[in-house]
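Please read through the structure below; I'll follow up with questions.
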């Protein structure tokens with residue numbers, strides 16, 4: 001079901017011929033051809049745009065993967081000083 005055979009196409013063509021007449025058939029066919037051509041061009045343009053976007057995304061992913069992450073030491077918060085290392089400790093009372 002859903003397949004159109006040659007008999008159905010002939011019947012459809014005869015109905016169109018009877019309904020529109022012989023004078024209008026070339027105009028209708030020309031308009032139909034232009035419409036189909038525009039539709040194909042639009043779908044081709046959309047497909048090309050999607051391919052370009054996919055290629056750009058893959059390129060960006062590859063570039064971010066190839067770059068080594070740059071790890072920086074954490075910065076102390078503003079207003080705080082870094083702790084000093086004890087150079088000389090005061091003697092402890094062990095008693």
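Please work out which one of (1) surrounded by fewer than 10 Cβ atoms within 10 Å (Cβ to Cβ); (2) at pLDDT below 85 is the condition residue 6 fails and give its number.
Failed condition: (2).
Same structure, new question: Which members of the range 22-57 meet the condition of being surrounded by 10 or more Cβ atoms within 10 Å (Cβ to Cβ) and not in a helix (DSSP H, G or I)?
The one that is surrounded by 10 or more Cβ atoms within 10 Å (Cβ to Cβ) and not in a helix (DSSP H, G or I): 24.
The values are calculated or read from the model by the stated rules, or taken from the named source; none is laboratory data. What you are looking at is a predicted structure, and each value in this text was computed from that prediction instead of being measured. Virtual Cβ from ideal backbone geometry, glycine too; neighbours counted across all protein chains shown.
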